[in-house]
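As structure tokens, the structure follows; a few thoughts come after it.
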Amino acid sequence: MKIICTQENLKKAIFNCERVVAKKNTLPILNNILFETDNGGLRLSATNLEIGVSSKIGAKIEKEGKITIPAKVISNFINNLLSEDNISLEVVDNKLKIKSSKNKAIIMGIPADDFPLIPIKKNDHLLEISADKLKKALSSVLSAVALNESRQELTGINFIFNEEEISLAATDSFRLAEFKIKATEFTLNNEIYNNFIKENNNIIVPSNTIIELNRIISNDFNEKIKITIEESQIFFEIDGIKIVSRLIDGKYPDYKQIIPKEYKTKIIGDKSIIQNAIKLSSIFSSNNSSEITLKIDQENKKIFMLSANSETGENSTEVNFEITGVSQEIVFNSKYLLDGVNIISSSKIAILSNTELTPVAIKEVNEKTNEISEELIYIVMPVKN
């Protein structure tokens, strides 16, 4: 193999692949990135046998070929090069010779013959969705994914597909996040999509896959992402980048039944104000339970965030929010409450509740109409104090 490409393109392709590389693996080749010529370009691929990523870039091909190179070594070298225009890559005797205008390097490689095959989709995509909408949806639910692997299904994100919308949800049993993408916001491959939702419209995607996808979708992506699901695998494709992942085998809990249909009390105000109040109160909360109290005083039209700790002291922060409904006094885990506030992208936020023991909802507020949005809901369970 002998090719010429730009440093910028090579750097991006390595970035897309390197995090998928297995960290501690008995198979040395899984620590490597596969470099191979592909239809007039250069394709880089990596896998840990659960997630596979490939990224194709433009290149001048002087000689076809392929090799695998240690991800850590090639990443560190390319990232530390001073700004260069073009880089020459040549494979000689299982070594990758790298040459730029001012630098030369030789990196020991492993023949590509033993590199695992990354699955390729057999059918056309189910749907296309804008990168920024998918990124917002994924970012909104990731914080609620369970870290404990005792219930494997809760370590992923649940996708529910139907004709009207796609719902993405995550829960660790203490909180729940759900984001809905309306049908008007994605493009369907109608025949394939309709057949799919008749057979199985409910899948669970591992959170590690979602984290990598979110990392790869940069803010300057204006293109749409193609999504394909087949044979217990999900495929994402955007701008020459392909991601394939296994799906989690299991049944996701029927989380929709815990979302209240209506609320007795709602408060609306600036997100930054409640954010600051939670952070201040958490300083004085108990180290073990991180408990803080939201006190809604309807009679005096005041809201407070309270906390106390016998070792550090106590705190009371008045929160200037609008109140509708009855007085409430609800105890929260400060981290879970703050996580819910943090995912809200609007400048105003709504907190809705019924009693001190029932689920509390956090939602966005439309900044133009001042109406509560139904696109995102974050449910947090109060602490039963």
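Read-outs throughout are calculated quantities, based only on the coordinates presented, and are distinct from any laboratory measurement. Just so it is clear, the structure is predicted and the values come from calculations on it, not from any experiment. Cβ coordinates were reconstructed from backbone atoms using ideal geometry, including for glycine residues, and neighbour counts include every protein chain displayed.
How about segment 90-150: which trypsin sites (Lys or Arg not before Pro) there lie in a loop by DSSP and see at most 15 other Cβ atoms within 10 Å?
102, 122
Each label point is 7 Å from the Cα along the Cα-to-Cβ direction; what then is the distance between the points at residue 95 and residue 128, in nm?
Each label point lies 7 Å from its Cα, and together they span 4.6 nm.
Would you work out which of 170, 196, 3 lies farthest towards the positive end of the dipole of the chain, given +1 charges on the beta-carbon of Lys and Arg and -1 on that of Asp and Glu, about the Cα centre?
Going by the Cα projections, it comes out as 3.
Name the residue farthest towards the positive end of the dipole of segment 259-380 from the options 296, 346, 327, assuming +1 on Cβ of Lys and Arg, -1 on Cβ of Asp and Glu, about the Cα centre.
346
Let me know the charge dipole size of the chain about its Cα centre in debye, to the nearest 20, where only the beta-carbon of Lys, Arg (+1) and Asp, Glu (-1) is charged.
1000 debye
Counting helices only, and only those DSSP H runs with n ≥ 4, report the 222 nm mean residue ellipticity of the chain as the sum of -39,500 (n - 2.57) divided by its residues, in deg cm²/dmol to the nearest 500.
-6000 deg cm²/dmol
Post the alpha-carbon centroid distance, segment 217-270 to segment 37-82, in whole angstrom.
28 Å
Calculate how steeply helix 271-283 sits against the longest principal axis of the alpha-carbon atoms of the chain, using the helix alpha-carbon long axis, and give the answer as 0 to 90 degrees to the nearest 10.
Approximately 80 degrees, to the nearest 10.
For segment 247-340, please report how many Lys pairs fall under 13 Å Cα to Cα, leaving out neighbours fewer than 8 apart on the same chain. Display every interim value, and only then the final one.
On the way: 266/295; 266/301; 266/302; 271/279; 279/335.
Number of lysine pairs found: 5.
Could you tell me which of 75, 27, 109 has its Cα farthest along the dipole of segment 2-114 towards the positive end, charges placed at Cβ (Lys, Arg +1; Asp, Glu -1), taken about the Cα centre?
Farthest towards the positive pole: 75.
At a Cα cut-off below 25 Å, give the lysines reachable from residue 99, other chains included and same-chain residues fewer than 8 away excluded.
Cross-link targets: 2, 11, 12, 56, 60, 63, 66, 72.
So which trypsin sites (Lys or Arg not before Pro) in segment 203-257 end up in coil per DSSP with only 12 or fewer other C-beta atoms within 10 Å?
Working: sites: 215, 224, 226, 242, 246, 251, 256; in loops: 251.
Those that pass, being in a loop and sparsely packed, are 251.
Where nothing but the Cβ of Lys and Arg (+1) and of Asp and Glu (-1) is charged, how large is the charge dipole of segment 160-289 around its Cα centre, in debye to the nearest 20?
680 debye
Could I have the simple spin-label model distance between residue 279 and residue 185, label points 7 Å from Cα toward Cβ, reported in nm to one decimal?
About 2.7 nm, to one decimal.
Looking at segment 238-329, which GluC sites (Glu not before Pro) are DSSP coil and have at most 11 other C-beta atoms within 10 Å of their C-beta?
Those satisfying the criteria are 262, 299, 311.
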